[in-house]
Amino acid sequence: MKITILTLFPQMFSALEHSIIKRGTDAGKLKIEVINFRDFATNKHNRVDDTPYGGGSGMVIMAEPIVNAIESIDLNHNAHRVYMTPAAPVLTQKRVTEIASGGKDLIILCGHYEGIDQRAIDLCIDEVISIGDYVLTGGEIPAMVLVDAVARYLPGVITEGSLDNESFSTNFLEHPQYTKPREFRGLTIPDVLVSGNHAQIEKWKQEQSLETTKKHRLDLINQDG
Ligand code: ADE
């Protein structure tokens, strides 16, 4: 999959040049390109924002540089085009897997300031995505969240088994994990984990998974899908 990110702050995306995402790009499992849409402004000072019609505080990003940038990279509309905004449905693991397996390249548009002229969204965007019910200073961190979440599901990016039994792969959160040493600051690991009894271990994991979900996200238990 190729992921193209449109932003006014390309440097922020150096955060994706590490760890698993870096290994994935180095191995050619995904390609990430970051484009500054200021380069597509057509006015003298490369201005990309202006005051909002109807008044209000802050500045709004103009439609033209956005539409020009998207048309320059995807004129025939082959890619899935996403705009990160808090005014949108919240991203779920289910949606992440659908995007990852959809077979399309991805274009992610990041807003900043008070938002983007709606006509750029109407003309160019297929889907709006929020990463949660809070407002950030821009769409860059949300875009990185989407890239990271989607990249994990691209074949060969992470070890296959790591995707099983993790939080949200079912409607349950993951059970607690332990590693060596067996005792740390007076706290020991649950005996069942060293019992060698795989059926008991599996049962313990399921019970713990249920307990964790009840404690932190009871809403997930009665939810569909
Ligand atoms: N931009 C600002 N806040 C955001 C959020 N919560 N999700 C997506 N994009 C955003």
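The values are calculated or read from the model by the stated rules, or taken from the named source; none is laboratory data. Bear in mind the structure is a predicted one, so any value in this text is a computation, not a measurement. We place every Cβ from the backbone using ideal geometry, glycine too, and count neighbours over all the protein chains shown. Just the protein is used for accessible areas: all its heavy atoms, side chains included, with ligands, DNA and RNA removed. Shrake-Rupley method; radii C 1.70, N 1.55, O 1.52, S 1.80 Å.
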Output yes when any residue across the stretch 47-55 is open to solvent by less than 20 Å² (accessible area, probe 1.4 Å) and within 16 Å of the ligand (Cβ to nearest atom), and no when none is.
no
Condition set open to solvent by 60 Å² or more (accessible area, probe 1.4 Å) and of a type in the set (A, V, I, L, M, F, W, C), scope the stretch 1-14, selection nearest to Cys110 (Cα to Cα): answer is Phe9
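Table: residues versus (1) modelled with pLDDT under 95; (2) over 19 Å from the mean Cα position of the chain (by Cα); (3) of a type outside the set (A, V, I, L, M, F, W, C); (4) outside any loop (DSSP other than H, G, I, E, B).
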site: Ala143; (1), (2), (3), (4): no, no, no, yes
site: Ala149; (1), (2), (3), (4): no, no, no, yes
site: Leu154; (1), (2), (3), (4): no, no, no, no
site: Ser162; (1), (2), (3), (4): yes, no, yes, yes
site: Ser167; (1), (2), (3), (4): yes, no, yes, no
site: Ala199; (1), (2), (3), (4): no, yes, no, yes
site: Gln206; (1), (2), (3), (4): no, yes, yes, yes
site: Thr212; (1), (2), (3), (4): no, yes, yes, yes
site: Lys215; (1), (2), (3), (4): no, yes, yes, yes
Within the bounds of the stretch 189-196, is there any residue that is under 20 Å from Val96 (Cβ atoms) and either surrounded by 12 or more Cβ atoms within 10 Å (Cβ to Cβ) or touching a residue at least 24 places away in the same chain (Cβ under 8 Å) (or both)?
no
Name the pairs whose Cβ atoms lie under 8 Å apart, with the first residue in the stretch 46-59 and closer than 20 Å to Thr7 by Cα and part of a loop (DSSP other than H, G, I, E, B), the second among the aromatic types (Phe, Trp, Tyr) and at pLDDT 95 or above, and 6 or more positions between them or separate chains?
Val48/Phe37
Have a look at Leu173, Leu146 and point out the one that is of a type in the set (A, V, I, L, M, F, W, C), within 16 Å of the ligand (Cβ to nearest atom) and surrounded by 18 or more Cβ atoms within 10 Å (Cβ to Cβ).
Leu146
Restricting to the stretch 86-127, count the residues that are under 30 Å from Leu220 (Cα atoms), in a loop (DSSP other than H, G, I, E, B) and charged (D, E, K, R).
2
Specify which of the listed residues (Tyr83, Tyr134) is hydroxyl-bearing (Ser, Thr, Tyr) and in a loop (DSSP other than H, G, I, E, B).
Tyr134
Across the stretch 117-140, which residue is surrounded by the most Cβ atoms within 10 Å (Cβ to Cβ) among those that are near the ligand (Cβ under 9 Å from one of its atoms) and within 20 Å of Ile70 (Cα to Cα)?
Gly139
Return the residue satisfying two criteria in turn: it lies in the stretch 83-107 and is within 10 Å of the ligand (Cβ to nearest atom) and surrounded by 14 or more Cβ atoms within 10 Å (Cβ to Cβ), and of such residues it is nearest to Ala120 (Cα to Cα).
Tyr83
Check on Gly161, farther than 28 Å from Glu33 by Cβ, of a type in the set (Gly, Ala, Ser) and open to solvent by less than 50 Å² (accessible area, probe 1.4 Å)
yes
So how many residues does the stretch 148-196 have that are farther than 16 Å from Gln93 by Cβ, out of contact with any helix residue (DSSP H, G or I) (no Cβ under 7 Å at 6 or more places or on another chain) and hydrophobic (A, V, I, L, M, F, W, C)?
4
Count of residues meeting criterion [touching a helix residue (DSSP H, G or I) at 6+ places or on another chain (Cβ under 7 Å) and either open to solvent by 80 Å² or more (accessible area, probe 1.4 Å) or charged (D, E, K, R) (or both)] in the stretch 197-213:
1
So in the stretch 176-188, with the set limited to residues that are open to solvent by 90 Å² or more (accessible area, probe 1.4 Å) and touching a residue at least 12 places away in the same chain (Cβ under 8 Å), which one is farthest from Glu166 (Cα to Cα)?
Arg182
